[in-house]
Structure formats: structure tokens, C-alpha cells
Amino acid sequence: MTAYLNLLPLPKQISFQEGEFLLPADGYIVLGGKDPQALLQSAARFEAVLWKQLGFNWETVVGEVPGSQACLSLKIAPDLVPYAQGYRIHIRPEGILVDGHDVAGVFYGVATLIQVLQQSGNQLPCLEVFDWPDFTARGVMLDISRDKVYRMETLYDLVDRLASWKINQLQLYTEHTFAYRKHPTVWKDASPMTGEEILYLDRFCKDRHIELVANQNSFGHMERWLKHPEYAPLAEIHGEFEVPWGTMKGPFSLSPAEPGSLELIKSLYDELLPHFSSPMVNVGCDETFDLGHGKSKALCETYGTGQVYLQYLLSLYATLAARGKTMQFWGDIILQHPELVGKLPRDAIALEWGYEAAHPFAEHGKLFAESGIPFYVCPGTSAWNTIAGRTENCLGNLRSAAVNGHANGAIGYLITDWGDNGHWQALPVSYLGFAMGAAFSWSHETAEQIDIQAAVSRFAFDDPTGSMGRLAYELGDIYRLAGFELENQSALFAILQTGLDDLSMHPNLKPEPLLACLERIDEVMEHLQQERMTRPDAHLIRDEYNLTARLLQHACRRGLAAAGHTQAPAYPDLAAEMNEIIRDYRVIWLKRNRPGGLNDSVGRMQKLLEEYRLRK
């Protein structure tokens with residue numbers, strides 16, 4: 001039924017009828033309802049696409065116009081559309097009607113209508129759509145603290161596209177990359193977001209029905225603060241401590257035993273939060289594995305580590321409540337103490353995160369739900385620690401979060417995109433996860449019917465041929481061919497991040513899978529010859545994917561060298577190749593991102609160069 005219309009997200013109900021509406025070159029967009037001016041942004045978006053695609057120039061008005069000239073009618077009508085953010089579309093031979101439950105509903109109806117227009121030209125098929133979201137909040141979180149801080153034009157472009165997929169929340173994960181006026185030492189080399197930039201981004205988001213939520217980690221992941229002498233006394237520990245994946249060395253978390261820890265965070269909130277119109281604040285507080293290993297050891301022994309964690313969290317809650325804000329927090333630590341979940345405030349929002357396809361969203365969501373705690377499910381793009389992504393895992397993770405979150409009453413769905421260990425993945429590698437996360441969070445049942453490669457190609461890359469969607473999908477599945485799979489990363493990424501001596505002794509490093517990867521990469525990159533992207537940054541995307549392929553190929557050749565295979569290149573050749581990759585990586589980085597963090601990211605690649613130069 002929808003074979004000739006590819007829509008993302010795919011509506012819950014769509015029926016095609018006989019006939020078509022032939023769009024005239026001149027006509028009116030009529031705004032109705034009690035607040036017609038609120039619909040002006042929706043009308044403007046449709047007008048812009050109509051002009052770009054067909055050169056038609058319609059006029060937006062309020063009130064009656066001759067029937068044959070009322071080409072598109074937009075109206076808020078909650079009596080016709082009972083679901084918040086929901087909409088109805090009627091395309092008939094005489095014109096188009098879009099009714100929304102609210103302003104957002106009309107905006108989303110127009111977003112779907114634009115996708116129909118983009119595929120149908122001036123002859124729209126007659127149809128009816130009735131649609132509404134599974135999750136009230138459907139968000140994307142971008143990591144701007146692991147080396148990459150995006151340029152404003154990158155953020156604006158991405159926000160505009162996310163809005164077209166009905167995403168309605170954005171977070172910028174922040175540790176040290178906001179330009180706090182009282183703390184310049186922390187961000188001076190990071191090219192941080194400024195208050196003025198946040199104000200403009202907030203306005204830009206609001207015009208597109210996206211809520212820009214403040215995000216400042218406030219407990220763990222504070223090492224970029226605590227490494228400086230003026231903040232070092234607030235650290236929990238400066239020595240080693242155990243984490244689930246091995247051993248880490250502090251500083252890492254603020255110590256709840258230090259009164260200055262909470263005072264620091266209060267001062268950050270006072271400066272950061274006024275730049276955001278949203279009442280919500282993500283305080284982080286994840287992975288505080290060093291808690292109880294240093295200054296808070298006596299407290300934890302007396303009251304229990306979970307209770308000490310909870311009390312600090314409640315202090316943050318009170319701090320935000322006094323400022324009229326609602327707290328979001330990562331739920332991983334409190335889940336280790338299930339007996340304490342019920343002691344959380346009923347208006348704090350837990351963020352239930354997990355990035356593997358088999359993550360127990362059902363079990364964790366049920367615990368929050370039964371305890372009366374509102375929660376989001378937070379899957380990821382599976383792009384970080386991979387170079388090219390992990391497509392199969394990504395889709396499984398997104399799907400599981402949507403299905404189990406919906407079943408357990410989650411109020412939100414947050415697609416996370418991290419930048420661990422250098423943020424080596426190019427932004428377009430995450431497009432598949434963003435697009436399909438948008439689809440699953442809007443309607444997890446109809447998302448199963450989407451032709452993923454075709455939809456990602458058309459709506460993320462503006463490529464109607466399907467080639468870029470196939471390339472992104474298939475290159476993201478290279479990780480499955482490498483001979484072994486790892487949690488939260490790909491094998492080829494691990495090969496690039498592991499020293500040659502350790503790599504040579506890796507029990508699962510086998511030449512045959514690496515040779516198969518090299519062959520498959522060449523096959524997949526052939527799709528780049530067939531694409532017909534119309535995005536303004538199409539040339540940059542081609543460069544980014546070519547560099548992505550080169551990094552994957554280098555990982556394969558490095559693995560072959562470590563394994564001592566006869567087809568492995570000599571180390572001087574690997575050094576020359578990596579030197580060229582670093583040169584091009586620097587240039588491409590600066591097209592979408594600010595310079596802060598670039599040297600740190602490249603430094604991880606330069607370690608490979610140093611290894612190669614020490615070998616013959």
C-alpha cells in the first residue's frame with residue numbers, strides 16, 4: 001500500500017484512495033482554529049519546500065478564500081485528533097486538510113505532507129493519514145565533551161533534519177565544554193559553546209518544536225575539571241579504582257564528602273540554566289564507580305554506598321527544584337541498589353540507558369514503573385568506538401528500547417550518540433541511528449515496515465537512488481565480519497586502539513576474516529559511484545565516507561601485520577598510510593567541528609605512527 005511512498009516515521013494509519021490533487025502554481029495556505037498565528041512556522045516550512053521543488057509560490061492567509069484556491073488548510077482541532085501531538089491529513093482532489101491536536105500536531109502533519117510532496121511532485125495521491133506518537137518525548141543527545149564540539153551551522157542543519165523526523169528534544173552532553181565565565185581554565189582549549197550560542201540554538205529549536213534540554217554532568221565524568229589544581233581537592237580519589245572493564249585512575253568523580261562539590265555544581269547551574277527555556281536539566285551522575293574508594297569511604301561504610309549516592313542525587317534534585325527545574329539523571333547507578341529506587345522523587349526522570357541489542361530494557365523499565373518513577377529509555381546509534389557503526393546492533397538496540405519502553409510506560413525515548421576514545425566516527429555515520437530511532441520512537445510497530453536503506457538514503461542523505469542508505473547500512477555491518485565481536489565497540493576499532501604487542505597475542509585475531517573485511521569494504525564503497533545526493537554538503541559526506549573506509553582498511557592491514565601474515569604491509573608503509581589519514585582527518589574534522597579537541601583526537605592516531613616508526 002505504501003510501496004511508492006517512503007515515509008519516515010511511517011504513520012500509524014494511512015489509506016490511499018482514488019484520484020489525485022493537482023497542485024496549482026498559485027494558491028492559498030489557510031490557517032484556522034483559535035490561534036492561527038501559531039501555525040505560521042508550519043506553513044512557512046511547506047511554502048519553502050513547495051518553492052524549492054516546484055517553483056510554486058502560495059500565500060498564507062487567515063479567513064475564507066474562494067474554495068478552489070484554498071489548496072492547504074491547517075487547523076488545530078483537538079476534537080478531531082484526540083492524541084497529543086497527533087494529526088490527520090486528508091488529500092482530496094480539491095485540496096489538502098491538515099488537522100492537529102495542538103500546534104505540534106499540525107507541524108508533524110506538515111512534516112509528513114512535505115515527504116509526500118517530495119516524492120510526488122505536483123500530483124499528490126489522494127490519501128488519509130491518522131497518526132500520533134508512542135512516546136511524548138523523542139530526543140537526540142549529542143556528545144560535545146569527547147573532543148568534538150560541533151560548529152553552529154552543523155547543529156542548525158541537524159536540528160532542522162531531526163525536526164522533519166518529528167524529534168522533539170535535543171541535549172548536548174556537557175562536561176567541560178560550556179564557556180563558564182568563572183571557570184575559563186577548564187574550557188580554554190575546548191572551543192566551548194557560549195551562552196549566546198545556546199540562546200540562539202534554543203530559539204532555533206523552539207521554532208521547530210524541539211526542546212533544548214540543559215545537560216551538565218554533576219558527579220562522575222568530571223576529570224576534566226578535577227585535573228586542575230583549583231578543583232583537585234574536590235575529587236573523590238586521585239589513585240586507582242576498579243571499574244567493570246578493568247582499572248581506572250582518578251580523578252573522576254566529585255566527592256560527596258566535600259561540601260565544595262555541591263557548591264561548585266550550584267554555581268554552574270546558576271550560570272548555565274538561564275540560557276535554556278526548557279524546565280528540564282540532565283544532571284548525569286552515571287558511572288560513579290570510584291564512590292566510596294576515597295574521601296567518602298567512611299560515609300559509604302556507615303550508610304552504604306547506595307545511600308550516599310542517593311543523598312547526593314537528592315541534593316541536586318533540591319538544588320534544581322529551588323530553581324524551578326525538573327531533574328533528569330542516568331539510572332545506571334541507582335539500579336545497582338533497587339531497594340532505593342522507590343525513594344526517588346516522583347517528579348525526577350530516570351534515564352534508562354543501554355547500548356547493546358540485548359540490554360534489559362524490560363526488566364529495568366518495569367522496576368522504575370512499579371516504583372512510580374517516570375523514565376526514558378535511552379538506546380544509542382552504536383556509532384562510537386566503531387568508525388563505521390554497528391548496524392545490526394544499532395537496530396536491535398533501538399527496537400528493543402522502543403518496544404519495551406512503550407510496554408512499561410516510558411514517557412520518553414532518547415537516542416544517544418557518544419564520542420568515546422577520540423570521537424573518530426564522522427557525523428553521517430550516526431544518521432542511520434538518528435533516523436531509525438526517530439521512526440521507532442514515533443511508532444515502533446510501523447517502523448518494522450520501513451525499507452531502512454531506502455528511507456535513510458532519501459531522508460538522511462537526500463539521495464533518491466537508495467545508494468547512500470545501502471552504503472551506510474552495509475559499511476556499518478563490516479564489524480560482523482572481523483572474526484570477533486565486542487561490547488560497545490567494533491573489532492576493527494579495537495585493533496586501532498590496541499598496542500601491537502598486545503594485538504599480536506590476541507587469541508581471536510585471525511588473518512582470514514580481516515582479508516574478507518578488506519574485500520567487503522571495497523564492494524560496499526562501490527555504492528558511492530551510484531549516489532545522487534542533493535544535500536549542500538554532499539561532497540563533504542563523500543569525503544567523510546572515503547576516510548571512514550580508509551580507516552577500516554588500515555585497521556585490517558594493521559591486524560594482518562600484528563598477526564604476521566604474508567600479505568601484511570611493511571610497517572613503514574603503514575606509517576605512510578596513517579600519516580596521510582591524519583592529514584585528511586584534520587581537514588575533514590574542521591568542516592563540521594570546532595578546533596578544540598582535534599589534537600587530542602589525532603593524538604590517538606599519532607600513537608600508531610610512533611609504533612610503526614619503532615618497527616622495521
### Query
Just how far, in whole angstrom, is region 284-318 from region 573-610 if you go by their alpha carbon centroids?
39 Å
### Message
I need the shape label for region 476-613. Rule: rounded when a/c is under 1.5, else prolate if a/b > b/c, else oblate, with a, b, c from the alpha carbon gyration tensor.
### Response
oblate
### Task
Among 615, 138, 535, 146, rank each residue by its count of other Cβ atoms within 10 Å, from fewest to most, as a rough exposure measure.
615, 535, 146, 138
### Summary
antiparallel share of DSSP beta bridges within the chain, to nearest 5, in %, is 35 percent
### Query
If you average the sequence gap of Cα pairs under 8 Å that are 6 or more apart and divide by the length of region 13-131, what percent do you get for the contact order?
36 percent
### Approximate spin-label separation residue 94-residue 512, in nm, with each point projected 7 Å along Cα-to-Cβ
7.0 nm
### Message
For region 257-346, what are Rg and Dmax over the alpha carbons, in angstrom?
### Response
13.6, 41
## Note on the structure
The set of residues whose placed amide H lies less than 5 Å from the amide H of residue 451, leaving out same-chain residues fewer than 5 positions away, is none
### Query
Taking the Cα centre of the chain as the origin and placing charges on Cβ (Lys, Arg +1; Asp, Glu -1), which of 129, 5, 603 is farthest toward the positive end of the dipole?
603
### Message
With θ taken as phi - 60° and the coefficients 6.51, -1.76 and 1.60, list the Karplus ³J(HN,Hα) couplings across region 103-113 in order, rounded to whole Hz; mark glycine and proline as x.
### Response
4, 4, x, 4, 4, 6, x, 5, 4, 5, 4
### Query
Percent antiparallel among DSSP beta bridges with both residues in region 13-131, to the nearest 5?
60 percent
### Task
Within 10 Å, count the other beta carbons around each residue, average over each peptide in 153-160, 387-394, 109-116, and list them highest first.
387-394, 109-116, 153-160
### Task
Would you mind calculating the relative contact order of region 137-450 from Cα pairs under 8 angstrom and at least 6 residues apart, reporting the percent as a whole number?
17 percent
### Task
Amide H neighbours of residue 326 under 5 Å, at least 5 residues apart or on other chains, H built in the peptide plane: list them.
280, 281
### Task
Any chance you could check the Cα centroid distance between region 91-133 and region 12-82 for me, in angstrom?
8 Å
### Query
Once you charge only the Cβ atoms, +1 for Lys and Arg and -1 for Asp and Glu, what is the size of the charge dipole of the chain about its Cα centre, to the nearest 20 debye?
880 debye
### Summary
Relative contact order as a percentage, the chain, C-alpha pairs under 8 Å and 6+ apart, gives 12 percent
### Task
List the residues whose amide H sits under 5 Å from the amide H of residue 191, counting only those 5 or more places along or on another chain, with H placed 1.01 Å from N in the peptide plane.
596
### Rounded to whole Å, sorted largest first: equivalent-ellipsoid semi-axes of region 172-274, Cα gyration tensor
28, 15, 12
### Task
Pairs to check: 182/607; 52/148; 188/607; 295/343; 188/266. Give those whose C-alpha atoms are more than 30 Å from each other in this structure.
182/607; 52/148
### Task
Select from region 192-256 those GluC sites (Glu not before Pro) which occupy a DSSP coil region and have at most 12 other Cβ atoms within 10 Å, ordered by residue number.
230
### Summary
Of 434-445, 52-63, 484-495, ordering from highest average Cβ density within 10 Å down gives 434-445, 484-495, 52-63
### Task
Report ³J(HN,Hα) in whole Hz for each residue of region 597-609, in order, from the Karplus equation J = 6.51 cos²θ - 1.76 cosθ + 1.60 where θ = phi - 60°; Gly and Pro get x.
x, 4, 5, 5, 5, 5, x, 5, 6, 5, 4, 5, 4
### Message
Based only on other Cβ atoms within 10 Å, what is the fewest-to-most ordering of 416, 174?
### Response
174, 416
### Task
Mind sorting out which of [x] 73; [y] 40; [z] 49 is the real percent of Cα pairs over 36 Å apart computed from the coordinates?
[y]
### Query
Nearest-5 percent of antiparallel DSSP beta bridges in region 137-450?
15 percent
### Task
Compute the separation of the alpha-carbon centres of region 147-198 and region 323-361 and state it in Å as a whole number.
24 Å
### Summary
Scalar couplings 3J(HN,Hα) for region 582-591 by Karplus 6.51 cos²θ - 1.76 cosθ + 1.60 (θ = phi - 60°), nearest whole Hz, x for Gly and Pro, are 4, 4, 6, 4, 4, 5, 5, 3, 6, 6
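Each value in this text was obtained by applying a stated rule to the coordinates, not by laboratory testing. On a predicted model such as this, the values are computed, not experimentally measured, just so you know. Glycine also receives a Cβ, built like all others from the backbone with ideal geometry; neighbour counts cover every protein chain displayed.
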